[in-house]
Amino acid sequence: MTIYDISEKAGVSIATVSRVLNGSSSVSERTRQKVLDTIEQYGYTPNAFARGLGLNTMKTIGIMCADSSDLYLAKAVYYIEQKLRAHGYDSLLCCTGYELESKAASMDLLITKKVDSIILVGSNFVYEKEQDNRYIAEAAAQIPVMLLNASFDAPNVYSVLSDDYTSMYKATRQMRAGGIEDILYFYNSDSYSGKRKLSGFLAAMEQALPGTGPLVEFYPGSHEDIHAMIRHLEAVREKGIGFHGVIAADDTLALAAVKYARAAGYRIPEEFSAIGYNNSMLTGCCEPELTSIDNRLETLCQHLITTLLGILEGREMPKKTVFSGEIIERGTTRRLRGGTKQNS
């Protein structure tokens, strides 16, 4: 059965069937019931294209993320799909990888599927070079494009993000206030968010120790290989570079730092401190449990969907919304002023 068959059997137009499927209030109760009875009688399951006929909407949103094995991105996709479904929208997911060409191809694919909007999950879709962001601007000329945790100024592009710069700045200042001066910043991404985090760390260290070279280490390996991260930190120590605190760009890197410190014989947090980022499930996977910055991912996703629904309804919505992060203190740091303590 197709939407055309249901239309013929129920004696109504295709547009009327589409309105019923999409919950439109412009259909009389008698006509709605006739269509629903026909659908039930013939066991019709509407596809996205059929649902969009006559309404100029597919009730389908495209979602792009670089890597669904990344804990942060996977959780974000979960929240977004869940909230879309609650409002009657389907979703199409493309896991693009990190190459620009693949991202642009996925964008083109979703547009051919007639989605109502595209959500870019994560900050690695935005580039420093203006020409590299052309694929976003070109898509936004056709449908709204939503950015989660990144910012790009173009018509019909909307951004919802966490203030990574300020969060990392405060975490650095507070770790120093806790008595740790030789802090290593450990990161693995040069994305929009990654650069903002690094900038926050550097600003705090420059303010505390003007003119000194901060300790910064980029980890280029797999985000799943914690043992490789530990070896990377061990190699830093073997170069004669000492550090008694690690602030990491995500919880996986911070977890590796805790394991490194334990293997090196440091007492935590008396002799060594660590702060992660994302406040993920990994915070409970070490002893003591990990202090981490909560970037309020679910709040970001909820606001993004609220903004998107407003746009699709034709309302004026904010182009950019920024939320503050929060340090959730656990056992890997001494008591930090201004943080939120969570019992382990």
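Which angle from 0 to 90°, rounded to the nearest 10, does the C-alpha axis of helix 29-42 make with the longest principal axis of the chain?
80
By how many nm would the segment from His87 to Val322 grow when fully extended, if each residue of separation counts as 0.36 nm and the alpha-carbon distance is taken off? Spell out each step's value before the answer.
Working: separation 235, 0.36 × 235 = 84.60 nm, distance 2.36 nm.
Here the segment from His87 to Val322 would lengthen by 82.2 nm.
For a quick check, take a GNM of the chain with Cα springs below 10 Å and name the residue from Val246, Val27, Val258 with the largest mean-square fluctuation.
Between Val246, Val27, Val258, it is Val27 that shows the largest mean-square fluctuation.
At a 10 angstrom cut-off on C-beta neighbours, averaged per residue, how do the peptides 145-152, 264-271 rank from highest to lowest? Mind dumping the intermediate values first?
Values: 145-152: 23.6, 264-271: 13.8.
Packing proxy ranking, top to bottom: 145-152, 264-271.
What does the helix-only formula give at 222 nm for the chain: each DSSP H stretch with n ≥ 4 adding -39500 (n - 2.57), the total divided by the residues, and the result rounded to the nearest 500 deg cm²/dmol? All intermediate terms of the calculation are to be shown ahead of the outcome.
Values: 12 runs with 144 residues, N = 344.
One gets -13000 deg cm²/dmol as the mean residue ellipticity at 222 nm.
For the range 265-323 and the range 83-112, write down the distance between their C-alpha centroids in whole Å.
Comparing the Cα centres of the range 265-323 and the range 83-112, I get a distance of 22 Å.
Which residue fluctuates the most in the chain, going by a Gaussian network model with Cα springs under 10 Å, if the choices are Gly211, Gly194, Gly97?
Most flexible of the set in this elastic network: Gly211.
Compute the angle between helix 251-263 and the longest alpha-carbon principal axis of the chain, please, reported from 0 to 90 degrees and rounded to the nearest 10.
30
Can you tell me the 0 to 90 degree angle between the C-alpha axis of helix 164-177 and the longest principal axis of the chain, rounded to 10?
Relative to the chain, helix 164-177 is tipped by roughly 30 degrees.
Mind checking the log10 I(q)/I(0) for the chain at q = 0.12, 0.13 Å⁻¹? Debye, one equal scatterer per Cα, no solvent, two decimals.
With no solvent term, the Cα-only Debye profile gives -0.86, -0.96.
Any idea of the accessible area per residue across the range 77-169, 1.4 Å probe, to the nearest Å²? Kindly include the intermediate steps, with their values, before the conclusion.
Details: 4200 Å² over 93 residues.
I get 45 Å² per residue for the range 77-169.
Report the gain in length on full extension from Ala264 to Thr306: 0.36 nm times residue separation, minus Cα-Cα distance, nm rounded to one decimal. It would help to have the intermediate numbers written out before the result.
On the way: separation 42, 0.36 × 42 = 15.12 nm, distance 4.77 nm.
Taking Ala264 through Thr306 to full extension adds about 10.4 nm, to one decimal.
Once you've got the GNM for the chain with C-alpha springs shorter than 10 Å, pick whichever of Asn133, Asn124, Asn295 has the biggest mean-square fluctuation.
Asn133
Sort 9-19, 80-90 by the packing proxy (mean of other Cβ within 10 Å over each peptide's residues), most packed first.
Per-residue mean Cβ counts within 10 Å order the peptides as 9-19, 80-90.
Among DSSP beta bridges lying fully in the chain, give the percent that are antiparallel, nearest 5. Kindly include the intermediate steps, with their values, before the conclusion.
Numbers: 3 of 42 bridges.
Bridges in the chain are about 5 percent antiparallel.
Return the carbon/sulfur percentage of the accessible area of the range 177-267, one whole number, probe 1.4 Å, all protein chains in place. Walk me through the intermediate numbers first.
Numbers: 2030 of 4040 Å².
It is 50 percent, rounded to a whole number.
Counting DSSP beta bridges with both partners in the range 247-344, what percentage is antiparallel, nearest 5?
Details: 3 of 9 bridges.
Restricted to the range 247-344, the bridges split so that about 35 percent are antiparallel.
Restricting to Cα pairs below 8 Å that are 6+ residues apart, what does the relative contact order work out to for the range 120-247? Please round to a whole percent.
Numbers: 173 pairs, mean separation 30.8, N = 128.
Relative contact order, the range 120-247: 24 percent.
Would you work out the charge dipole size for the range 128-232 about its Cα centre, treating the Cβ of every Lys and Arg as +1 and the Cβ of every Asp and Glu as -1, and quote it to the nearest 20 debye? Please list the in-between numbers first.
Values: 9 positive and 14 negative charges, 50 e Å.
The calculated dipole for the range 128-232 is roughly 240 debye.
Between Asp132 and Ser68, what is the label-to-label distance in nm when each label sits 7 Å out along the Cα-to-Cβ direction?
It works out to 2.6 nm between the two label points.
Over the range 197-272, average the accessible area per residue using a 1.4 Å probe and give it in Å², no decimals.
On the way: 3490 Å² over 76 residues.
On a per-residue basis, 46 Å².
Taking R0 as 41 Å, what FRET efficiency do you get between Met281 and Thr2 from their Cβ-Cβ distance, rounded to the nearest 0.05? Display every interim value, and only then the final one.
Values: r = 44 Å, r/R0 = 1.07.
It comes out at approximately 0.40.
The values are calculated or read from the model by the stated rules, or taken from the named source; none is laboratory data. Remember, it's a predicted structure, so these values are computed and weren't measured experimentally. Glycine also receives a Cβ, built like all others from the backbone with ideal geometry; neighbour counts cover every protein chain displayed. For accessibility, only protein heavy atoms count, side chains too; no ligands or nucleic acids. Shrake-Rupley method; radii C 1.70, N 1.55, O 1.52, S 1.80 Å.
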